[in-house]
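Novice: I'd like to ask some things about the structure below.
The values are calculated or read from the model by the stated rules, or taken from the named source; none is laboratory data. Keep in mind the model is a prediction, meaning the values are calculated, not measured. Glycine gets a Cβ as well: all are built from the backbone with ideal geometry, and neighbour counts include every protein chain shown. Ligands, DNA and RNA are excluded from the accessible area calculation, which covers all protein heavy atoms including side chains. Shrake-Rupley method; radii C 1.70, N 1.55, O 1.52, S 1.80 Å.
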Amino acid sequence: QVHLVESGGGLVQAGGSLRLSCAASGTSSSINAMAWYRQAPGKQREFVAIITSAGSGSYADSVQGRFTISRDNAKNTVYLEMNSLKPEGPAVYYCKARRTEGNDWGQGNQVTVSS
């Protein structure tokens, strides 16, 4: 099992930037991909971005060109750089570790973009 701890959320104005971090511990060598999801109040959790162990990233259409996912393998940490944030209100961002045996989730980190 992998333990994930997210950080870096907070309140930001529309058009601003934030960087989220997700540090993995435990059997992190079994991770084949790391991803970010988000969930707004009253809505389903949605995919944001994913990065494989080889460093290949892909994004949801809604964040393509504005968000960048990256990873530091030495630190077992994945990042989500968010730019040109839109005034979409609050959402909780979750980090996910994908393993052959299953998925592990972080506790979530709130991001609020104000207009």
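Novice: Quick check: from the Cα gyration tensor, does region 13-62 come out rounded (a/c under 1.5), prolate or oblate?
Specialist: Cα axes put region 13-62 in the prolate bin.
Novice: Could you pull out every residue, at least 5 positions away or on a different chain, whose amide H is within less than 5 Å of the one on Arg71? Hs are placed 1.01 Å off N in the peptide plane, and Pro or chain starts have none.
Specialist: Under 5 Å from the amide H of Arg71 lie the amide H atoms of Tyr79, each far enough along the sequence or on another chain.
Novice: Under the rule of at least 5 residues apart or a separate chain, name every residue whose amide H is placed under 5 Å from the amide H of Lys86.
Specialist: Correct list: Gly15.
Novice: While we're here: How big is the charge dipole of region 3-87 about its Cα centre, in debye rounded to the nearest 20, if each Lys and Arg gets +1 on its Cβ and each Asp and Glu gets -1 on its Cβ?
Specialist: 120 debye
Novice: So, one more: Tell me, what HN-Hα J-couplings in whole Hz come from the Karplus equation 6.51 cos²θ - 1.76 cosθ + 1.60 at θ = phi - 60° for each residue of region 36-49, using x for Gly and Pro?
Specialist: 10, 10, 9, 9, 8, x, x, 10, 6, 5, 10, 5, 10, 7
Novice: Can you tell me how region 75-115 classifies by the Cα gyration tensor, rounded, prolate or oblate, using a/c under 1.5 as the rounded cut?
Specialist: Prolate shape, in that a/c is at least 1.5 and a/b is the bigger ratio.
Novice: Under a plain spin-label model, where a point goes 7 Å from the Cα along Cα-to-Cβ, how far apart in nm are Lys75 and Ala54?
Specialist: Result: 2.6 nm between the two label points.
Novice: With a 1.4 Å probe and every protein chain kept in, tell me what percent of the accessible surface of region 59-114 is carbon plus sulfur.
Specialist: On the way: 1200 of 2820 Å².
Reported share for carbon and sulfur atoms: 42 percent.
Novice: Could you derive backbone 3J(HN,Hα) for region 30-35 from the dihedral phi with the Karplus parameters 6.51, -1.76 and 1.60 (θ = phi - 60°), listing whole Hz in sequence and x where the residue is Gly or Pro?
Specialist: Calculated HN-Hα couplings, in order: 8, 6, 10, 6, 10, 9 Hz.
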